[in-house]
1. Apply the Kirkwood formula to the chain: the hydrodynamic radius equals the inverse of the mean of 1/r over all pairs of different alpha-carbon atoms; give it in Å with one decimal.
2. So how long is each side of the stretch 146-247 along the principal axes, counting just the alpha-carbon atoms, biggest first, in Å?
3. With each label point set 7 Å from Cα along the Cα-Cβ vector, what nm distance links V239 and S197?
4. Not counting the cut sites, what is the longest span of the chain without trypsin sites (Lys or Arg not before Pro) that DSSP labels loop and that have at most 14 other Cβ atoms within 10 Å?
5. Looking at the stretch 115-188, which chymotrypsin sites (Phe, Trp or Tyr not before Pro) are DSSP coil and have at most 16 other C-beta atoms within 10 Å of their C-beta?
6. May I ask you to give the percent of accessible area on the chain that is carbon plus sulfur, with a probe radius of 1.4 Å?
7. Can you tell which of A184, A283, A81 shows the greatest fluctuation in a Gaussian network model of the chain with Cα springs below 10 Å?
8. For T187 and Q257, what does the FRET efficiency come to when R0 = 22 Å and r is the distance between their Cβ atoms, rounded to the nearest 0.05?
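The values are calculated or read from the model by the stated rules, or taken from the named source; none is laboratory data. Owing to the predicted nature of the structure, the values given are computational and were not obtained by experimental measurement. Heads up, the Cβs are rebuilt from the backbone with ideal geometry, glycines too, and the neighbour counts pull from every protein chain shown. We work out accessible area using only protein heavy atoms, side chains counted, and drop any ligands, DNA or RNA first. Shrake-Rupley method; radii C 1.70, N 1.55, O 1.52, S 1.80 Å.
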Amino acid sequence: MMNYSKILGTGSYLPEKILTNFDLEKTLDTTSEWIIERTGILKRHIAADHETALSMAENAARAAMKAANIAPSEIGMIIIATTTPEKMFPSTACLLQQRLEIAGCPAFDLNSTACAGFVYGLSIADKYIRDGSVDNVLVIGSEVMSRVLDWTDRSTCILFGDGAGAVLLGKSNEPGILSTHLHADGTHKDVLYLDTSVGKPIDVESALYLKMSGNHLFKLAVNILDELFDETLAANGLVKSDVDWLVPHQANIRIIQAMAKKLDLPLDRVAITLDEQGNTSSASIPLALDKAIRDGQIKRGQILLLEGFGGGLAWGSALIKY
Ligand code: COA
């Protein structure tokens with residue numbers, strides 16, 4: 001009998017504090033109208049001082065385990081995608097493993113896959129479940145982007161938010177994850193980066209904050225995603241009308257609209273949290289997925305196309321029968 005991996009449960013965590021565009025108008029040379037028109041974002045959640053990638057990941061993970069009816073003792077692997085980890089090491093995943101009291105199972109972070117981190121994690125988890133070595137994997141995206149933003153740079157700080165999303169991926173006899181497709185192209189390393197480094201002496205001024213060439217990245221994203229969708233559908237012998245839901249990385253509403261158009265999907269078949277959460281990097285896909293599932297929009301048996309892209313560049317997709 002074939003092994004497949006399936007989404008057994010999802011969970012989310014969002015910090016209580018909300019920062020609106022109107023709040024940003026008070027400190028930056030910007031307007032809410034500009035932000036909405038160019039990005040689709042109205043507000044974003046911001047972590048309190050005591051909240052971290054670990055604390056948010058734990059909340060999202062516990063919600064996913066509850067939804068899946070899986071106990072911590074049944075977890076065989078923990079993968080946390082985060083560009084804003086708790087520490088350089090141990091990994092945020094090891095720290096979560098300790099909190100869940102499940103010593104022994106492999107646990108690691110995907111730290112530098114940025115906004116593509118969640119699909120990278122999902123792909124790895126799927127392979128381990130399919131080869132029969134693990135039954136249940138927690139795949140989590142958790143980010144405190146607010147701590148790596150230059151709050152005086154209007155071209156970046158308006159875009160991002162904090163939060164965590166988790167998926168409990170488990171063994172199944174029926175197809176769940178149909179395929180995953182991962183890519184990277186380091187020639188675009190300067191389009192989006194965070195220079196914090198131990199590889200060279202740190203220039204404190206420039207190393208602490210995320211840097212982005214937004215317009216350049218926008219154009220790259222639309223092209224790579226276009227090709228990625230063709231590759232993903234072709235690998236499964238499917239056509240775009242077979243896709244029930246697009247669950248995209250939440251970076252910019254205009255990119256999301258372009259991708260929905262590519263699939264001939266109306267926007268009400270696209271999981272969108274961007275307006276209320278901004279870009280939460282590796283957390284954005286599981287957050288959007290969890291919301292659409294809990295709202296009763298995404299239903300069992302439907303075909304979902306997940307896509308993520310970010311610094312590296314790194315990008316990837318997953319086609320899933322939910
Ligand atoms: N408020 C007002 N004006 C702003 C602004 C803000 N918050 N941010 C930038 N501007 C200005 C710029 O300074 C520029 O002014 P200029 O023409 O006088 O130089 C003008 O708006 C246009 O800037 P540009 O960067 O060309 O705008 P854009 O339409 O590309 O929108 C982004 C900017 C960042 C919203 C958009 O490029 C984007 O979302 N890119 C993709 C980013 C992405 O995907 N990131 C996630 C990766 S994981």
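1. This gives a value of 19.4 Å.
2. Sorted largest first, the three principal extents are 51, 31, 28 Å.
3. It is 5.0 nm.
4. By the stated rule (loop sites, at most 14 other Cβ atoms within 10 Å), 190-298.
5. Hits after loop and neighbour filter: W151.
6. Result for the chain: 52 percent of the exposed heavy-atom area is carbon or sulfur.
7. In this elastic network of the chain, the residue with the biggest mean-square fluctuation among A184, A283, A81 is A184.
8. That pair, T187 with Q257, gives E of 0.20.
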